[in-house]
1. So which residues in the stretch 169-195 are not small (Gly, Ala, Ser) and not in a loop (DSSP other than H, G, I, E, B), if there are any at all?
2. Among 208, 164, 192, which is the only one that is under 25 Å from residue 80 (Cβ atoms), touching a residue at least 40 places away in the same chain (Cβ under 8 Å), in contact with a Cys (Cβ under 6 Å, 6 or more places away or on another chain) and surrounded by 24 or more Cβ atoms within 10 Å (Cβ to Cβ)?
3. Those residues that are hydrophobic (A, V, I, L, M, F, W, C), in contact with a Leu (Cβ under 9 Å, 6 or more places away or on another chain) and more than 16 Å from the ligand (Cβ to nearest atom), I need them from the stretch 222-255; list them, please.
4. Working only within the stretch 143-164, note down all residues that are within 26 Å of residue 90 (Cα to Cα) and in contact with a strand residue (DSSP E or B) (Cβ under 7 Å, 6 or more places away or on another chain).
5. How about the stretch 212-221: which of its residues are more than 26 Å from residue 171 (Cβ to Cβ), crowded, with 24+ Cβ neighbours inside 10 Å, within 10 Å of the ligand (Cβ to nearest atom) and not hydrophobic (A, V, I, L, M, F, W, C)?
6. Under 7 Å by Cβ, and 6 or more places apart or on different chains, what pairs join a residue from the stretch 220-236 that is under 11 Å from residue 101 (Cα atoms) with one that is more than 16 Å from the ligand (Cβ to nearest atom) and of a type in the set (Ser, Thr, Tyr)?
7. Restricting attention to the stretch 96-128, which residues are in contact (Cβ under 8 Å) with a residue 40 or more places away in the chain, within 14 Å of the ligand (Cβ to nearest atom) and either assigned to a helix (DSSP H, G or I) or not assigned by TED's automatic domain parsing to the domain that holds residue 154 (or both)?
8. Inspect all residues belonging to the stretch 173-182 and state whether any of them is touching a helix residue (DSSP H, G or I) at 6+ places or on another chain (Cβ under 7 Å), surrounded by 22 or more Cβ atoms within 10 Å (Cβ to Cβ) and hydrophobic (A, V, I, L, M, F, W, C).
Amino acid sequence: MTDLDALDRDDPLAAFPERFDLPSGVVYLDGNSLGPLPRATRPAVDALLAGAWGRDLIASWEGNGWMAAPLRVGEAIGRLIGAETGSVIAGDSTSINLFKALAAALALRPGRTEIAVVADDFPTDHYIAGGIAGLLGRGHRLRAGAPGPETAVVLAGHVDFRTGRMRPMVALTAEAHAVGALAVWDLSHSTGAVPLALAAAGADFAVGCGYKFLNGGPGAPGYLYVAPRHQGVVPALAGWMGHAAPFAFASGYAPAQGIARFGVGTPPILGLAALEVGVGLALAADMAALREKSLRMSTIFMEGAAALGGFGCLTPADPDARGSQVCLTHPEAAAIMGRLAALGVVGDFRPPDILRFGITPLTLRYRDIGRALACLAQARGE
Ligand SMILES: *Cc1c(COP(=O)(O)O)cnc(C)c1O
């Protein structure tokens, strides 16, 4: 058995778990679904309540940087995902940002009617894509599988939420471009978990979540990436916060320059303040060290589960095809997850038979993985 204490001693990211407020006795393997509370979040939000909202009131829009928050936080997220400067805006849910990205991509490919989706991707992605196809109503439809000559846009989750498989962004983006289509990536299970290089990959659009690996809190704002070459498109959700001069209250719509035009309504300032703390923590960690720790932890967990016997594993053994979670299968998955929770190990059950464990290197110690394996052995029963 690997010496987990030694790995913890040598871990270059060892200081990070202490920066999170986790209940004692809990091994939290659900940070890919709702990241835990960073200790710095409470004072940051308290300061905003007391000093900005509580004292400066409406003057805070300019004086305390509220107007600038979506682009400021977007810029920080952009550094995590390898985006060009000025190509990410934070705000709105992932679902809403998907609508914005798909609508923009479809507008850039008039005459093409297909949205190519990956079977089994996160449901909201397919629901939103289907909703847009119905709204356009000009023969637009979803297509499963590889793109073809009628495909306007390829929509794919980068790390599969059910299996933890990471899709090859460079190759799939090139495949979309080869048939004249655009690529929209959903980074919900990638940002803050795996190295990303959107600009280098040639990605056209991307969206993602703030409350998973970015630890921005429940319902944290998501984000939208638009490659600079596509930022001239007129947004379908043409809101006043994407207007060139919102406070001119003009009757006609004139989009702001650049990524700012993808703002829609009044930004969620409290949510952005919490998200900014989580993003800052992720930026403070060395991404190469984070990836190494993630893979080492998931390998230990997968090998440990295999040694127990009785579990299937959906997560690829090949580290290059693995995100930052481990998904086991077992006919009694739901009952086992319940017993794990009673032992203080939190993961989640995904029907019909999946036990999903998020591997969050910023918030976990190697010995947590050891404890989770010991509890898994116990929870599995005889
Ligand atoms: C979590 C997740 C979402 C969630 O979307 P919301 O609009 O924030 O509810 C979307 N897509 C993927 C791939 C996810 O994993």
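The values are calculated or read from the model by the stated rules, or taken from the named source; none is laboratory data. Fair warning: this is a prediction, and the values are worked out from it, not measured in the lab. Glycine gets a Cβ as well: all are built from the backbone with ideal geometry, and neighbour counts include every protein chain shown.
1. First pass over the stretch 169-195, keeping only residues not small (Gly, Ala, Ser): 169-170, 172-173, 175, 177, 179, 182, 184-187, 189, 191, 194-195.
Once the filter is applied, which keeps residues that are not small (Gly, Ala, Ser) and not in a loop (DSSP other than H, G, I, E, B), the stretch 169-195 yields 169, 170, 172, 173, 175, 177, 182, 184, 185, 186.
2. Numbers: 208 fails: in contact with a Cys (Cβ under 6 Å, 6 or more places away or on another chain); 192 fails: in contact with a Cys (Cβ under 6 Å, 6 or more places away or on another chain).
Sole residue among the options that is under 25 Å from residue 80 (Cβ atoms), touching a residue at least 40 places away in the same chain (Cβ under 8 Å), in contact with a Cys (Cβ under 6 Å, 6 or more places away or on another chain) and surrounded by 24 or more Cβ atoms within 10 Å (Cβ to Cβ): 164.
3. Residues of the stretch 222-255 hydrophobic (A, V, I, L, M, F, W, C): 224, 226-227, 233-234, 236-238, 240-241, 244-245, 247-250, 254.
Now restrict to residues that are in contact with a Leu (Cβ under 9 Å, 6 or more places away or on another chain): 224, 227, 233, 236.
227, 233, 236 - these are the residues of the stretch 222-255 that are hydrophobic (A, V, I, L, M, F, W, C), in contact with a Leu (Cβ under 9 Å, 6 or more places away or on another chain) and more than 16 Å from the ligand (Cβ to nearest atom).
4. The initial filter retains those residues of the stretch 143-164 that are within 26 Å of residue 90 (Cα to Cα), namely 152-162, 164.
If the condition is that a residue be within 26 Å of residue 90 (Cα to Cα) and in contact with a strand residue (DSSP E or B) (Cβ under 7 Å, 6 or more places away or on another chain), then 152, 153, 154, 155, 156, 157, 158, 159, 162, 164 are the ones that fit.
5. Within the stretch 212-221, just 221 meets the criteria.
6. Sorted first by the residue in the stretch 220-236, then by its partner, the pairs are 225/87; 226/87; 227/87.
7. Residues satisfying the conditions are 96, 97, 98, 99, 100, 101, 102, 125.
8. Yes, the stretch 173-182 contains a residue that is touching a helix residue (DSSP H, G or I) at 6+ places or on another chain (Cβ under 7 Å), surrounded by 22 or more Cβ atoms within 10 Å (Cβ to Cβ) and hydrophobic (A, V, I, L, M, F, W, C).
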